[in-house]
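The values are calculated or read from the model by the stated rules, or taken from the named source; none is laboratory data. Everything quoted here is computed from the prediction, not taken from an experiment. Methodologically, a virtual Cβ is constructed for each residue, glycine included, from the backbone with ideal geometry; neighbour enumeration extends over all protein chains shown.
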């Protein structure tokens, strides 16, 4: 009796409360429009620090084509505090977010106190407010921090404006340079110059060292260079080829490839004890290892099936799993920072492009449409991939945001640029 | 008496260090010597043969033409002290994989020579992957020229 | 005492049963998704069956006739008589067929307006990127018959703050849904006075 009662009640309530539901699965292809208002500044500064800071922040935020900006000449007002801020002035210009701020001097030593605000114009609310103490000498660094905070508030992703890029420049037939620079290409430093090729740079998780391959002694040899001291240590020529070094997430070991007697296999090398532990043992080519973010697995390239494909090995159990089947060339696999997807080089009819694949799915998605793409590296927030490609005979770095909305290329250097490696976040 | 004692001690030390070296993998020594550019101390022998063997894309097998060329090399090789085989690839594909592929190509040539009676100890194998192309263009012709093993005799 | 309780029980049961029957006669509700497939819920199916046996009730569905529908009705009536005379078809069956056509026209209208709304929202919603998780958020919209958005609220937020905030930002960008003006008042009241927007992120890399 009661069961019938409740069933009836359920049926009735269901019919009374059904409501039309419209699903929204797609978003707009447009970019958010951000207004970077020149920061207000105290009278009496030698330089217009307010204008400088907002200009740096604007340049940073626009670097990868993720936002649209409002031209200063179109701004209806230049508020520098909440009291002067009127949403109407920005809503009418189609602005989605506004950044304002003020620079105050603290003392005669050039110390500055910078306050900044971020407003969501559509929701008519202030969504961020902050204060930074800096100095006239490090305006650019302060601007990077402010850019990071604003970026994080708008997108929910970590800001990467203070990260660095390592890459190899081949300026002529006999000159190879291992370089690092800021993410916008500024402050380039040459770490090492050689007459012999340099390959495969990889950052240590603490950003203090870079491992790379150098042919200075006539064969492929792995070196670790300390960025602070400039000191270089070789991991001794162990086999006829020693290459593809990648740091473990805890910074204590490297996965690398050694070819003893002509068979390249993956090994784990402990930095402290210098012990080498074998991970793969197959007569095929096993190379290009990379760690999963949780350190439990290593992805690698192997041609054991007849052509290069991606595999995954569990570092504890040594169990292997094949990851790619589509196409006859899938190599140089790397994990996304969330560990759920991978990106790699996918060969398709003679074209080599950057592709991604969710670990839980079969389907490969190609990201690039040029044909000689290689060495992809991902930003630590998982949003941008930079890779090496060619234009005629000159190599340069291209990039793409993962939502596909923006493609860009990095400024050309004196020479062929390749093998980019994105540094981790400064924690 | 004393100098003889010192002499014996010195001999013992020598023997001990030799033993220590031998306990390292023999192969380790073989490649370490390449690293030491030991071959450069020798003079390069000139031959009037084309010093390159070519390969197909993503392949490391020797075809009849390659084998023919190598056969012609045999008399020169027998005279030489060191045979250096340098493996290379074209720019397509990933660099590290190409490093391994270049090595495999050089090893194919080595294996062929060994089968033909050349002593393995004479042969040095190095791979440069795609890092040292002969031709810097991005077309089939350039790629075909870059997929090679270079033979140098010392 | 027992007897009053039992009779009360039966009374409530009868009441519930009646309301169940009554609810079945309301206009079918539709879930519209991107592929424009219409999920017809079971009430509509029952309703169609009911119609075959009870034609007068079907005419109560459409109370207000706009110019368009009255024109259609006239035309249908004219066709009706001609077809009947030509084929000597049972008038009752024909009427039922026509009612079904009117019903599907209503469904078409709802679908049409829903798709327009869906496209408008999609064109202003700037989705946060690189969300590798599958997310769902629901917004309840209250519309006035003029199309003005009286109120919206995030009744079921997702687990991701940026996703939720992007939805609220998008909702703040529209004030009017003019498309509902083209609907019959009854259709509007039953479907668009209050309706939900379900925002989904597939978690796929775009």
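Yes or no: residue B:95 crowded, with 24+ Cβ neighbours inside 10 Å, facing chain A (nearest Cβ under 10 Å) and touching a residue at least 12 places away in the same chain (Cβ under 8 Å)? I'd like the intermediate steps shown before the answer.
Values: crowded, with 24+ Cβ neighbours inside 10 Å: yes; facing chain A (nearest Cβ under 10 Å): yes; touching a residue at least 12 places away in the same chain (Cβ under 8 Å): yes.
Yes; evaluated as a whole, the condition is true for this residue.
From B:67, B:122, which residue is more than 14 Å from chain A (Cβ to nearest Cβ), under 13 Å from the mean Cα position of the chain (by Cα) and surrounded by fewer than 23 Cβ atoms within 10 Å (Cβ to Cβ)?
On the way: B:67 fails: under 13 Å from the mean Cα position of the chain (by Cα).
Within the list B:67, B:122, the selection yields B:122.
Specify which of the listed residues (A:352, A:336) is within 11 Å of another protein chain (Cβ to nearest Cβ), buried (at least 21 other Cβ atoms within 10 Å of the Cβ) and over 22 Å from residue C:134 (Cα atoms). Lay out the reasoning, then the answer.
Details: A:336 fails: over 22 Å from residue C:134 (Cα atoms).
From the options A:352, A:336, the qualifying one is A:352.
Among the residues of region C:172-181, is there at least one that is more than 7 Å from chain A (Cβ to nearest Cβ) and on the phi > 0 side of the Ramachandran plot?
The initial filter retains those residues of region C:172-181 that are more than 7 Å from chain A (Cβ to nearest Cβ), namely C:174-181.
Right, trim to on the phi > 0 side of the Ramachandran plot and you get none.
No, region C:172-181 has no match at all.
Can you find a residue that is within 12 Å of chain B (Cβ to nearest Cβ), surrounded by fewer than 19 Cβ atoms within 10 Å (Cβ to Cβ) and touching a strand residue (DSSP E or B) at 6+ places or on another chain (Cβ under 8 Å) anywhere in region A:208-216?
Yes, because at least one residue in region A:208-216 is within 12 Å of chain B (Cβ to nearest Cβ), surrounded by fewer than 19 Cβ atoms within 10 Å (Cβ to Cβ) and touching a strand residue (DSSP E or B) at 6+ places or on another chain (Cβ under 8 Å).
So that you can scan it fast, the table gives a plain yes or no per residue for (1) within 10 Å of another protein chain (Cβ to nearest Cβ); (2) free of Cβ contacts under 8 Å to residues at least 24 places away in the same chain; (3) under 26 Å from residue A:424 (Cβ atoms); (4) not in a loop (DSSP other than H, G, I, E, B):
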residue	(1), (2), (3), (4)
A:249	no, no, yes, no
A:255	no, no, yes, yes
A:268	no, no, yes, yes
A:283	no, yes, no, no
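Yes/no per residue for (1) surrounded by fewer than 22 Cβ atoms within 10 Å (Cβ to Cβ); (2) under 15 Å from the mean Cα position of the chain (by Cα); (3) within 14 Å of chain C (Cβ to nearest Cβ); (4) in contact (Cβ under 8 Å) with a residue 24 or more places away in the chain:
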position	(1), (2), (3), (4)
A:146	no, no, no, yes
A:151	no, yes, yes, yes
A:169	yes, no, no, yes
A:173	yes, no, no, no
A:178	no, no, no, yes
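Based on what the data block shows, is residue A:192 at negative phi, part of a loop (DSSP other than H, G, I, E, B) and modelled with pLDDT of 95 or more? Let's see the steps before the verdict.
Numbers: at negative phi: yes; part of a loop (DSSP other than H, G, I, E, B): no; modelled with pLDDT of 95 or more: yes.
In short, no.
Looking at (1) crowded, with 19+ Cβ neighbours inside 10 Å; (2) at negative phi; (3) at pLDDT below 95, can you tell me which one residue B:75 breaks?
The failed condition is (1).
Is it the case that residue A:230 is within 11 Å of chain B (Cβ to nearest Cβ), in a loop (DSSP other than H, G, I, E, B) and either in contact with a helix residue (DSSP H, G or I) (Cβ under 6 Å, 6 or more places away or on another chain) or in contact (Cβ under 8 Å) with a residue 12 or more places away in the chain (or both)?
Values: within 11 Å of chain B (Cβ to nearest Cβ): no; in a loop (DSSP other than H, G, I, E, B): yes; either in contact with a helix residue (DSSP H, G or I) (Cβ under 6 Å, 6 or more places away or on another chain) or in contact (Cβ under 8 Å) with a residue 12 or more places away in the chain (or both): yes.
Answer is no for this residue.
Return the only residue of A:287, A:301 being assigned to a strand (DSSP E or B), touching a helix residue (DSSP H, G or I) at 6+ places or on another chain (Cβ under 7 Å) and farther than 28 Å from residue A:190 by Cβ.
Working: A:287 fails: farther than 28 Å from residue A:190 by Cβ.
When all the criteria are applied, what remains is A:301.
Is it the case, given these coordinates, that residue C:108 is without any contact (Cβ under 8 Å) to a residue 24 or more places away in the chain, on the phi < 0 side of the Ramachandran plot, in a helix (DSSP H, G or I) and more than 8 Å from chain A (Cβ to nearest Cβ)? So that I can check it myself, show each step before the final result.
On the way: without any contact (Cβ under 8 Å) to a residue 24 or more places away in the chain: yes; on the phi < 0 side of the Ramachandran plot: yes; in a helix (DSSP H, G or I): yes; more than 8 Å from chain A (Cβ to nearest Cβ): yes.
Judged against the criteria, residue C:108 is a match.
Just the residues that are touching a strand residue (DSSP E or B) at 6+ places or on another chain (Cβ under 6 Å) and within 11 Å of chain C (Cβ to nearest Cβ), please, taken from region A:367-382. Give the steps one after another, and end with the answer.
First, pick out the residues of region A:367-382 that are touching a strand residue (DSSP E or B) at 6+ places or on another chain (Cβ under 6 Å): A:367-368, A:370-379.
Matches in region A:367-382: A:367, A:378, A:379.
Is there a residue being outside the structural domain of residue A:393 (by TED's automatic domain parsing), within 27 Å of the chain's Cα centre (by Cα), assigned to a strand (DSSP E or B) and in contact (Cβ under 8 Å) with a residue 60 or more places away in the chain anywhere in region A:126-143? Before the answer, list the steps.
Initially, region A:126-143 is screened for residues outside the structural domain of residue A:393 (by TED's automatic domain parsing), giving A:126-143.
Narrowing the set further to residues that are within 27 Å of the chain's Cα centre (by Cα) leaves A:127-132, A:134, A:138-143.
Those still in the list that are assigned to a strand (DSSP E or B) too: A:127-132, A:134.
Filter once more, so that each one left must be in contact (Cβ under 8 Å) with a residue 60 or more places away in the chain: none.
Taking every residue of region A:126-143 in turn, none turns out to be outside the structural domain of residue A:393 (by TED's automatic domain parsing), within 27 Å of the chain's Cα centre (by Cα), assigned to a strand (DSSP E or B) and in contact (Cβ under 8 Å) with a residue 60 or more places away in the chain.
Quick one: in region C:116-151, of everything that is free of Cβ contacts under 8 Å to residues at least 24 places away in the same chain and in contact with a strand residue (DSSP E or B) (Cβ under 9 Å, 6 or more places away or on another chain), which residue is nearest to the other protein chains (Cβ to nearest Cβ)? Steps first, please.
Of the residues in region C:116-151, the ones free of Cβ contacts under 8 Å to residues at least 24 places away in the same chain are C:119, C:122-123, C:144, C:150-151.
Narrowing the set further to residues that are in contact with a strand residue (DSSP E or B) (Cβ under 9 Å, 6 or more places away or on another chain) leaves C:122, C:144, C:150-151.
Numbers: C:122: 5, C:144: 16, C:150: 16, C:151: 15 Å.
The selected residue is C:122.
Can you tell me which residue among B:107, B:113, B:49 is over 15 Å from the mean Cα position of the chain (by Cα) and either surrounded by 10 or more Cβ atoms within 10 Å (Cβ to Cβ) or at pLDDT 85 or above (or both)? Don't jump to the end; show me each part of the working.
Values: B:107 fails: over 15 Å from the mean Cα position of the chain (by Cα); B:113 fails: over 15 Å from the mean Cα position of the chain (by Cα).
Exactly one of B:107, B:113, B:49 is over 15 Å from the mean Cα position of the chain (by Cα) and either surrounded by 10 or more Cβ atoms within 10 Å (Cβ to Cβ) or at pLDDT 85 or above (or both), namely B:49.
Just name the residue that is farthest from residue A:316 (Cα to Cα) out of those in region A:233-247 that are in contact with a helix residue (DSSP H, G or I) (Cβ under 6 Å, 6 or more places away or on another chain) and either away from every other protein chain (no Cβ under 14 Å) or part of a strand (DSSP E or B) (or both). Reasoning before the result, please.
Just the residues of region A:233-247 that are in contact with a helix residue (DSSP H, G or I) (Cβ under 6 Å, 6 or more places away or on another chain), to begin with: A:237, A:240-241, A:243-244.
Now narrow it down to the ones that are either away from every other protein chain (no Cβ under 14 Å) or part of a strand (DSSP E or B) (or both): A:241, A:243-244.
Working: A:241: 26, A:243: 23, A:244: 21 Å.
So, considering only residues that are in contact with a helix residue (DSSP H, G or I) (Cβ under 6 Å, 6 or more places away or on another chain) and either away from every other protein chain (no Cβ under 14 Å) or part of a strand (DSSP E or B) (or both), the one farthest from residue A:316 (Cα to Cα) is A:241.
What are the residues in region A:306-325 that are within 13 Å of chain B (Cβ to nearest Cβ) and at pLDDT below 95, if any?
A:306, A:307
Among the listed residues A:59, A:33, identify the single one that is modelled with pLDDT of 95 or more, surrounded by fewer than 20 Cβ atoms within 10 Å (Cβ to Cβ) and within 14 Å of chain C (Cβ to nearest Cβ). Quick ask: steps written out before the conclusion?
Details: A:59 fails: within 14 Å of chain C (Cβ to nearest Cβ).
Going through A:59, A:33 in turn, just one is modelled with pLDDT of 95 or more, surrounded by fewer than 20 Cβ atoms within 10 Å (Cβ to Cβ) and within 14 Å of chain C (Cβ to nearest Cβ): A:33.
Would it be correct to say that residue C:84 is at pLDDT below 85, away from chain A (no Cβ under 14 Å) and surrounded by 16 or more Cβ atoms within 10 Å (Cβ to Cβ)? Before the answer, list the steps.
Values: at pLDDT below 85: yes; away from chain A (no Cβ under 14 Å): yes; surrounded by 16 or more Cβ atoms within 10 Å (Cβ to Cβ): no.
No: the conditions fail for residue C:84.
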